[in-house]
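Take a look at the structure set out below.
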Amino acid sequence: MSKELIDIMQDKKKETERKLDNVIWHIETNRQVLGDKRTLDDVFQALKNWTEESKSSQY
């Protein structure tokens, strides 16, 4: 495997970890303040966007 491909895969892994951390932070920070519905709606949209980005991205 080429160094370039390894770097790309490591960057993708870091990006994935960052996005998951953001979703977790959002839930922890806002679940009590905003209430379940709004928080779940926001998390749902974030995960949906992330899934669509993941399907359309290419290495």
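The values are calculated or read from the model by the stated rules, or taken from the named source; none is laboratory data. What you see is a predicted model, and the numbers here were worked out from it, not measured in a lab. With ligands, DNA and RNA removed, areas are computed over all heavy atoms of the protein, side chains included. Shrake-Rupley method; radii C 1.70, N 1.55, O 1.52, S 1.80 Å.
Quick look at the numbers
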read-out: Filter pass, Glu28 being among the acidic types (Asp, Glu), modelled with pLDDT under 80 and open to solvent by 90 Å² or more (accessible area, probe 1.4 Å); value: yes
read-out: Hits in the range 31-59 (condition: among the aromatic types (Phe, Trp, Tyr) and at pLDDT 80 or above); value: Phe44, Trp50
